[in-house]
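Report on one structure; see the data block that follows.
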Amino acid sequence: MRMLRWFCEHTRRDRVQNEVIRDRVGVAPIEEKLIQHRLRWFGHVQRRPPEAPVRNGVLERVDNVKRGRGRPKLMWDESVKRGLKDWNISKEIALDMSAWRLAINVPEL
């Protein structure tokens with residue numbers, strides 16, 4: 001946002017909202033772009049063969065490890081599941097790269 005404010009010649013003292021600046025420049029919200037990049041990596045991992053190192057390391061997690069007290073940390077696969085559910089996308093689409101790109105695309109404004 002600092003770069004976008006500089007680009008529009010606004011400072012924080014001008015008290016211009018972030019949404020106004022993003023609309024003026026034509027940039028999508030940051031949260032959606034983060035979800036898009038996470039889902040893009042998930043599609044890449046899904047298309048790899050099962051014996052690939054990236055698939056072994058990312059998708060296999062030991063569940064019987066004692067975790068610390070308090071709220072559990074958000075794991076990568078849980079955030080991917082949340083992104084798929086929020087955007088109403090199924091996992092099976094990830095195997096077709098062109099359909100997957102269309103499904104996870106966040107258009108610039």
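Taken together, the values in this text are just the output of simple stated rules run on the coordinates, not laboratory data. Fair warning: this is a prediction, and the values are worked out from it, not measured in the lab. Using ideal geometry, Cβ is built from the backbone for each residue, glycine included, and neighbour counts are taken over all protein chains shown.
Where in the range 11-28 is the amide nitrogen less than 15 Å from a point lying 7 Å along the Cα-to-Cβ axis of R2?
Flagged as within label range: 11-13.
Compute the length gained on full extension between V16 and E31: take 0.36 nm times their separation in residues and subtract their Cα-Cα distance, giving the result in nm to one decimal.
Using 0.36 nm per residue and subtracting the Cα-Cα distance, I get 3.4 nm.
Each residue of the range 69-83 in order: what ³J(HN,Hα) in whole Hz does its phi give by Karplus 6.51 cos²θ - 1.76 cosθ + 1.60, θ = phi - 60°, with x for Gly and Pro?
Taking θ as phi minus 60°, the curve returns 6, x, 5, x, 5, 6, 8, 4, 5, 5, 5, 5, 4, 5, x Hz for the range 69-83.
What are the extents of the Cα atoms of the chain along their three principal axes, in Å, largest first?
Cα extents, longest axis first: 52, 42, 24 Å.
How far apart, in nanometres, would the label points at R38 and V65 be if each is projected 7 angstrom from Cα along the Cα-to-Cβ direction?
Result: 1.9 nm between the two label points.
Which value, in debye to the nearest 20, describes the size of the charge dipole of the chain about its Cα centre when Lys and Arg Cβ atoms bear +1, Asp and Glu Cβ atoms bear -1, and nothing else is charged?
So the magnitude is around 580 debye.
Scanning the chain for trypsin sites (Lys or Arg not before Pro) in DSSP loops with at most 16 other Cβ atoms within 10 Å, what's the longest stretch left with none?
16-60
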